[in-house]
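Here, each number is a calculation from the coordinates, and none is a lab measurement. Since we're looking at a predicted model, the values are computed, not measured. Positions of Cβ are generated from backbone atoms using ideal geometry, with glycine treated the same way; all protein chains shown enter the neighbour counts.
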Amino acid sequence: MDSQTRWIEVKVADGSFGAYLALPRGGRGPGIVLIQEIFGVNAHIRSICEQYAADGYVVLAPDIFWRQAPRIELSYDEADWKRAAALKQATDPQQAVADIAATIAVLRGLDGVGPKVASIGYCFGGLLSYLTAAAGKVDAAVAYYGGGIQNKLELADSIGVPLLMHFGGRDNHIPAEAVKQIAQRFEDRENAELHVYPEAEHGFNCSHRPMYHQRSAAEAHGHTLLFLSEVL
């Protein structure tokens, strides 16, 4: 970490948890709450925070698993996959959304943060970004390979803010039929945008994993930056 990055504490009714803060040069910009995968706020997630900070955003990534394993950082080997899956199973999504809402409140209160805040989430975080938008806590939402969104389509009408979703065409965790259901549910919504990257697998944005697909990650990042520039 350097002077532009640090951990800060977010207080909630039953305790407090860490959130990783990354500041742009100059310290001012629109806000992003960045929501982890199931592997914690690890080196990959911190690097994404720093990437968006370099793009001009104030980024804050909450530790979603703090009740079970504070500030856990998992890798992508088999043992850590099992640990990550167990942590996800033990996490109440609605409680996680409440923690994200508390993080957003802290983010909005930071000096230099613009009036609007977006959420960007990956994997489990993609679903949480969607749920956070449905709860009306952000001004825009982005979901990367959000597994489970297809099971929460009854919340679509609750989403009144711009929504961007990214999916891999070769994702073996999110069936093509699920992506089709999501696309159909939002096809008439002017505030919703969905991209499928034909060569990409699940986790294609993570350069720390074998399924990283540079072209798809670059395209998705470009789409996201354009989206954020328009809605924030």
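Listed values, structure above:
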{"item": "Single residue of Asn172, Asn205 found to be out of contact with any Cys (no Cβ under 8 Å at 6 or more places or on another chain), under 24 Å from Ile64 (Cα atoms) and not basic (Lys, Arg)", "result": "Asn205"}
{"item": "Selected residue (criterion: nearest to the chain's Cα centre (by Cα)) from residues of segment 146-173 that are assigned to a loop (DSSP other than H, G, I, E, B), among the small types (Gly, Ala, Ser) and over 18 Å from His221 (Cα atoms)", "result": "Gly147"}
{"item": "Of all residues in segment 99-146 being basic (Lys, Arg) and farther than 14 Å from Leu228 by Cα, the one that is surrounded by the fewest Cβ atoms within 10 Å (Cβ to Cβ)", "result": "Arg108"}
{"item": "Top-ranked residue in segment 147-168 [being surrounded by fewer than 15 Cβ atoms within 10 Å (Cβ to Cβ) and either out of contact with any helix residue (DSSP H, G or I) (no Cβ under 6 Å at 6 or more places or on another chain) or of a type in the set (Asp, Glu) (or both); ranked as nearest to Cys123 (Cα to Cα)]", "result": "Asn151"}
{"item": "Total residues in segment 178-222, condition touching a strand residue (DSSP E or B) at 6+ places or on another chain (Cβ under 6 Å), touching a residue at least 60 places away in the same chain (Cβ under 8 Å), of a type in the set (A, V, I, L, M, F, W, C) and assigned to a loop (DSSP other than H, G, I, E, B)", "result": "0"}
